[in-house]
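Right, I'll just put the structure down here and ask away after.
Just so it is clear, none of the values below were taken in a lab; they were calculated from the coordinates. Note that the structure is predicted; figures quoted are calculated from it, not measured. Please note: Cβ atoms are built from the backbone with ideal geometry, for glycine as well, and neighbour counts cover all protein chains shown.
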Amino acid sequence: MIDPFTAFAAIKTAVAAGQEIVNVTKQIGEFFDGVDELRNKHEKKKNSPFAGGDENAMETFVALQRAKDAEEELRELIIHLRGYSAWGELQEIRARIRRERKEKEAAESLRKQELFETIIIYSGVGIGLLVLVGISVVVILGKQGRL
């Protein structure tokens, strides 16, 4: 993950140098990804019973507040350069990407769970067959008097 503040600095530098906002879409995407990751990290630390105390939660809280401030500054920049509708469109795209990412993660999780279940089933069948073969060998050898 790229630091959202680094991505935001790159956006501001590019715009200040006269580049169009459409030329920094990669940095905008990285910025939003970083902010979302900070949000998730803060929620995990805040809700974790194993968190290392208030210091970790405070650290992620401060980083999240800085990210919110940067996001507000980006919003003002985009509205100033492209109008309010551009910010709305950007938020719609961001929501769609987040939704698609969650759907993809859920599908991947389901695929892994199904794979795990398949492995367990085939392993169980294999062990069962080995036990049956072993018992059969013991019974056959027992009948032949070789045991």
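Can you give the FRET efficiency for GLU92 and ASN56, using 1/(1 + (r/R0)^6), R0 = 41 Å, r = Cβ-Cβ distance, to the nearest 0.05? Spell out each step's value before the answer.
Working: r = 34 Å, r/R0 = 0.82.
For R0 = 41 Å, the calculated efficiency reads 0.75.
Now a separate question. Provide the gained length on full extension for the span ALA9 to LEU81, in nm with one decimal, where the gain is 0.36 nm per separating residue minus the Cα-Cα distance.
On the way: separation 72, 0.36 × 72 = 25.92 nm, distance 1.68 nm.
Once the chain is fully extended between ALA9 and LEU81, it gains 24.2 nm.
In straight Cα distance, which lysines are under 26 Å from LYS102, not counting same-chain residues fewer than 8 positions off?
Hits, sequence-local ones excluded: LYS26, LYS41, LYS44, LYS45, LYS46, LYS68, LYS112.
Run the simple label-point estimate for LYS112 and SER136 please: 7 Å along Cα→C-beta, distance reported in nm.
Distance between the two pseudo-spin positions: 3.8 nm.
Now, a different point. What is the distance in Å between the Cα centres of the range 84-99 and the range 102-132?
Value for the Cα centre distance between the two parts: 38 Å.
What are the chymotrypsin sites (Phe, Trp or Tyr not before Pro) within the range 1-50 that DSSP puts in a loop, where the Cβ has at most 16 other Cβ atoms within 10 Å?
Values: sites: PHE5, PHE8, PHE31, PHE32, PHE50; in loops: PHE50.
Filter output for the range 1-50: PHE50.
Any idea how far apart ARG101 and LYS68 come out in nm if each label point goes 7 Å out from Cα toward Cβ?
Calculated label separation equals 1.9 nm.
If you split all Cα-Cα distances of the chain into 10 Å bins from zero, what percentages do you get per bin, shortest first?
10, 24, 21, 14, 9, 7, 7, 5, 3, 0
Taking square-rooted eigenvalues a ≥ b ≥ c of the alpha carbon gyration tensor, is the range 64-118 rounded, prolate or oblate, where a/c under 1.5 means rounded and, failing that, a/b exceeding b/c means prolate?
Values: a/c = 7.73, a/b = 2.67, b/c = 2.90.
Oblate, because a/c is 1.5 or more while a/b does not exceed b/c.
Which residue, VAL131, VAL35, VAL15, has the most motion in a Gaussian network model of the chain that connects Cα atoms within less than 10 Å?
With Cα springs under 10 Å in the chain, the top fluctuation among VAL131, VAL35, VAL15 is at VAL131.
Here's another thing I want to ask about it. Using square roots of five times the C-alpha gyration tensor eigenvalues, list the equivalent-ellipsoid semi-axes of the range 4-82 in whole Å, biggest first. Walk me through the numbers before you get to the answer.
Working: eigenvalues 180, 21, 17 Å².
Semi-axis lengths for the range 4-82 are 30, 10, 9 Å.
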